[in-house]
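S.K.: My questions all concern the structure below.
The values are calculated or read from the model by the stated rules, or taken from the named source; none is laboratory data. Given the structure is predicted, the values throughout are model-derived calculations rather than measurements. In this analysis, Cβ positions are derived from the backbone assuming ideal geometry, glycine residues included, and neighbour counts consider all displayed protein chains.
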Amino acid sequence: MEVKNLLYAVAKGVYDSFRGMYAVLYLDKEINERKITRQSPNRINSVVRQKSINNKDSTPIRQLKKDEESKVMKRIVHCGILNGGIFLFSILLFEYGLLPSINYLLIIIFGAESIMGKLVWSWIEPTLSFIFKTVWVIPLFLLSKVVNALWFQDIADSAYRHSRGRPVFSQSISKMLADSIFSILVQFLFLIQATAVSYIPIYVVGYTLSMVQMCMLYSLYAFEYKWFNMGWELHTRLSFIEKHWPYFIGFGLPMAVFTQLSDSWVISGCVFSLLFPFFIISGNEASPVLNSSDYPLHFFAPVIGVSNTLFTKTIGGTPKK
């Protein structure tokens with residue numbers, strides 16, 4: 001029975017992870033319609049009377065102002081343009097368009113077996129790659145990280161307000177800031193841990209442990225916006241994932257697979273940034289399967305211990321339990 005529950009929880013997590021791709025089709029419309037209906041009757045009547053005077057039309061329709069409209073679809077489009085249309089496309093164009101074209105041109109000039117042609121190519125290829133990465137890839141990657149973080153927050157806030165109302169802030173600003181910094185530190189160390197276990201000599205064991213931890217990390221990324229707005233502290237968020245790990249492994253599995261399709265960490269980052277807005281919405285809409293396992297996976301325990309030590313020594317915060 002427990003195996004059946006585990007498989008169901010994993011399958012439900014995978015299913016829920018794709019819900020954001022469908023939910024985004026109606027989310028903006030529902031958010032904007034709800035904003036219209038929340039307008040006071042007097043304001044709506046005033047708008048209707050004004051439309052009747054100006055347009056001789058008594059249809060009670062109020063257009064939302066630009067700053068009132070939901071930002072979900074707009075931010076998703078922005079993420080697609082920046083990460084896919086500009087960043088990813090430029091990398092693919094350079095790797096599979098420009099470099100092969102230059103190599104082909106050198107073959108035409110010097111011949112396929114020419115030592116001079118191979119020598120020139122051995123100098124041109126690394127030089128162009130270095131210039132491209134230094135001048136374009138690294139600055140744009142850093143810029144996209146900052147911009148994406150702001151856009152992800154807009155998407156998460158709009159989706160949360162639509163489904164749950166205003167965020168719950170039960171902590172002081174200083175504690176919220178400390179929680180956010182500690183969360184970033186834990187996530188960074190956990191990413192290192194997940195990468196490190198992949199080098200275990202037994203390939204199947206290392207790959208499986210790494211994949212499981214990456215699934216849990218991606219689930220934390222997606223759900224953290226909702227849980228933070230609900231007022232959950234970091235230790236509560238991590239304990240919840242560890243206790244109900246089958247569901248969250250399933251939820252994070254698609255993202256873990258998609259981001260490992262390329263060996264390039266830059267391309268993987270682009271893929272992540274393209275897909276993550278949908279996973280934010282999926283996490284906001286999802287209802288995790290609970291109690292599918294009696295044995296929690298305490299994979300976050302080592303990094304929490306290290307983070308507590310670093311956090312208390314460098315910032316002087318209160319250790320998380």
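S.K.: If Val186 satisfies all but one of (1) assigned to a helix (DSSP H, G or I); (2) surrounded by fewer than 23 Cβ atoms within 10 Å (Cβ to Cβ); (3) modelled with pLDDT under 95, what's the number of the condition it fails?
M.R.: In the conditions (1) assigned to a helix (DSSP H, G or I); (2) surrounded by fewer than 23 Cβ atoms within 10 Å (Cβ to Cβ); (3) modelled with pLDDT under 95, Val186 misses (2) alone.
S.K.: Can you confirm whether Phe223 is touching a residue at least 24 places away in the same chain (Cβ under 8 Å), farther than 21 Å from Ile304 by Cα and buried (at least 19 other Cβ atoms within 10 Å of the Cβ)?
M.R.: No.
S.K.: Pairs needed: first member in the stretch 111-130, within 13 Å of Pro100 (Cα to Cα); second member anywhere, modelled with pLDDT of 85 or more; C-beta distance under 6 Å; at least 6 residues apart or different chains.
M.R.: Pairs that qualify, where the first residue is within 13 Å of Pro100 (Cα to Cα) and the partner is modelled with pLDDT of 85 or more, are Trp121/Asn103; Trp121/Leu106.
S.K.: Could you tell me whether the stretch 140-147 includes any residue that is assigned to a helix (DSSP H, G or I) and over 24 Å from Trp265 (Cβ atoms)?
M.R.: Within the stretch 140-147, none of the residues are assigned to a helix (DSSP H, G or I) and over 24 Å from Trp265 (Cβ atoms).
S.K.: Here's another thing I want to ask about it. What residue, of Ile81, Ile131, Ile76, Ile102, is more than 15 Å from Val266 (Cα to Cα) and either in contact with a strand residue (DSSP E or B) (Cβ under 8 Å, 6 or more places away or on another chain) or at pLDDT below 90 (or both)?
M.R.: On inspection, the qualifying residue turns out to be Ile76.
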